[in-house]
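Inspection log for the structure reproduced underneath, given as structure tokens.
The values are calculated or read from the model by the stated rules, or taken from the named source; none is laboratory data. Since the structure is predicted, the reported quantities are computational estimates derived from the model, not experimental observations. Counting neighbours? That spans all protein chains shown, and the Cβs are built from the backbone with ideal geometry, glycine included. Note: accessible area is taken over every heavy atom of the protein model, side chains too, but ligands, DNA and RNA are not part of it. Shrake-Rupley method; radii C 1.70, N 1.55, O 1.52, S 1.80 Å.
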Amino acid sequence: MKKLILAATISILSISSFAGTKVDVTVTGMVCAFCSQGISKKFKEQKAVKEVKVDLDTKLVQLEFIDNENLEDAKITELLKDAGYGVAKIERK
Amino acid sequence: MKLLRFMIFLLGITTIFKAYAHPVAYAGSTSIMTWASESSTDWMLTHSFSPRFATSYHFMRMREHNNALHEDKFHLLSGNFLVKRWNQLESQGNIYVSLGAGMETNKKAVGYSSIDLDWESRDYYVSYKTETLVRQDGADPYIRSKFRVGFAPYRGGFEELNTWIIAELSKESDASKEYDLTPLVRFYYRNILTEAGVSLNGEYNFNFMVHF
């Protein structure tokens, strides 16, 4: 029984450690929905990125990565610069 | 009074205007833009190689104000430069310069320049653009300037319909009236933008832009 509980615990922990990482990026200059479409496009071109959410009210670009994949802060900053925007803060969850 | 003088000074500095459409977009993007009124039509195909540089092909049609039966048509290529951008948390400001050259349909060469200034937040928008066409045939340079102010009646989200109410003050160098005021309504949804309005002189305006 103990072995079974241990196996179940390891299994659950394994699943959570492989779940996609999430990052919140606070972006400067992001005031126009039409102009900001490039942000979504730039990140969706990255195969590490599972989902992109853009919120103009909070100035947040929320990225979710596929399992075991990620983007470095420098790459996130570069992609936002290519889209024409600046980065105020990057927070990993 | 000082503000009025400053606005007149801005309008007097130089020259067509599409301040609502940045001449440089995100790296790798392609844009199609059209501006149509009774007296002129512009088509512009733009590719942005970086967030600071783009090239455009323009087709422009202009009806002469003193001869409604005669239209001038131009084909132009331009380089568009983002000279300066201010990215703030609540706003963005930009200065763009475009330089180009091309031909009239009568085979005469033309030179082109434009300056774009804009600032916008989620609620307000102000822009100025002036364009100049210098013609080889010795005709006076064609100069067109536009000054705009606008506001958003509500804050639209990233994937929602956004609406703006805009007032545009324009001046063309060969226009019969000095200035024309056009109230416009702008809608955009995702990567598609349209504007429509009728000037106080009764001239309709319709603008469309898509980028991908």
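Output the number of the condition that B:GLU178 fails; it satisfies all remaining conditions of (1) in contact with a His (Cβ under 8 Å, 6 or more places away or on another chain); (2) surrounded by fewer than 15 Cβ atoms within 10 Å (Cβ to Cβ).
Looking at each condition in turn, B:GLU178 falls short on (1).
Check off (1) out of contact with any Gly (no Cβ under 6 Å at 6 or more places or on another chain); (2) more than 8 Å from every other protein chain (Cβ to nearest Cβ) for A:CYS32 and give me the number that stays unchecked.
(2)
Starting from residues that are within 9 Å of the chain's Cα centre (by Cα) and within 12 Å of chain B (Cβ to nearest Cβ), keep the ones in segment A:55-90 and report whichever is surrounded by the most Cβ atoms within 10 Å (Cβ to Cβ).
Across segment A:55-90, the extreme among qualifying residues is A:VAL61.
This table checks each residue for (1) in a loop (DSSP other than H, G, I, E, B); (2) among the β-branched types (Val, Ile, Thr); (3) modelled with pLDDT of 95 or more.
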site	(1), (2), (3)
A:LEU63	no, no, yes
A:ASP67	yes, no, no
A:ASN70	yes, no, no
A:ILE76	no, yes, yes
A:LEU80	no, no, yes
A:VAL87	no, yes, yes
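Under the condition of being more than 11 Å from the chain's Cα centre (by Cα) and surrounded by fewer than 15 Cβ atoms within 10 Å (Cβ to Cβ), which residue from segment A:38-49 is nearest to the other protein chains (Cβ to nearest Cβ)?
Here the answer is A:GLU45.
Of the residues that sit in segment B:187-198 and are open to solvent by less than 10 Å² (accessible area, probe 1.4 Å) and not aliphatic (A, V, I, L, M), which one is modelled with the highest pLDDT? Lay out the reasoning, then the answer.
From segment B:187-198, those open to solvent by less than 10 Å² (accessible area, probe 1.4 Å) are B:188, B:193, B:195; that's our starting set.
In the following step, the residues that additionally are not aliphatic (A, V, I, L, M) were identified as B:188, B:195.
Details: B:TYR188: 92, B:GLU195: 95.
The residue in question is B:GLU195.
Mind checking which residues of segment A:69-93 are touching a strand residue (DSSP E or B) at 6+ places or on another chain (Cβ under 6 Å) and acidic (Asp, Glu)?
Within segment A:69-93, A:ASP73, A:GLU91 qualify.
I'm trying to understand the selection: among the residues of segment A:17-26, which are more than 8 Å from chain B (Cβ to nearest Cβ), within 24 Å of B:ARG122 (Cβ to Cβ) and not acidic (Asp, Glu)?
Filtering segment A:17-26 down to residues more than 8 Å from chain B (Cβ to nearest Cβ) leaves A:17-25.
Filter again for within 24 Å of B:ARG122 (Cβ to Cβ), leaving A:23-25.
Correct list: A:VAL23, A:VAL25.
State whether one or more residues within segment A:23-37 are modelled with pLDDT under 95 and open to solvent by 50 Å² or more (accessible area, probe 1.4 Å).
Within segment A:23-37, not a single residue is modelled with pLDDT under 95 and open to solvent by 50 Å² or more (accessible area, probe 1.4 Å).
Quick one: A:VAL52 ticks every box in (1) outside any loop (DSSP other than H, G, I, E, B); (2) more than 13 Å from the chain's Cα centre (by Cα); (3) surrounded by 14 or more Cβ atoms within 10 Å (Cβ to Cβ) bar one, so which box is it?
In the conditions (1) outside any loop (DSSP other than H, G, I, E, B); (2) more than 13 Å from the chain's Cα centre (by Cα); (3) surrounded by 14 or more Cβ atoms within 10 Å (Cβ to Cβ), A:VAL52 misses (2) alone.
Out of segment B:149-174, which residues are in a loop (DSSP other than H, G, I, E, B), under 26 Å from B:HIS70 (Cα atoms) and of a type in the set (D, E, K, R)?
Answer for segment B:149-174, where residues must be in a loop (DSSP other than H, G, I, E, B), under 26 Å from B:HIS70 (Cα atoms) and of a type in the set (D, E, K, R): just B:ASP174.
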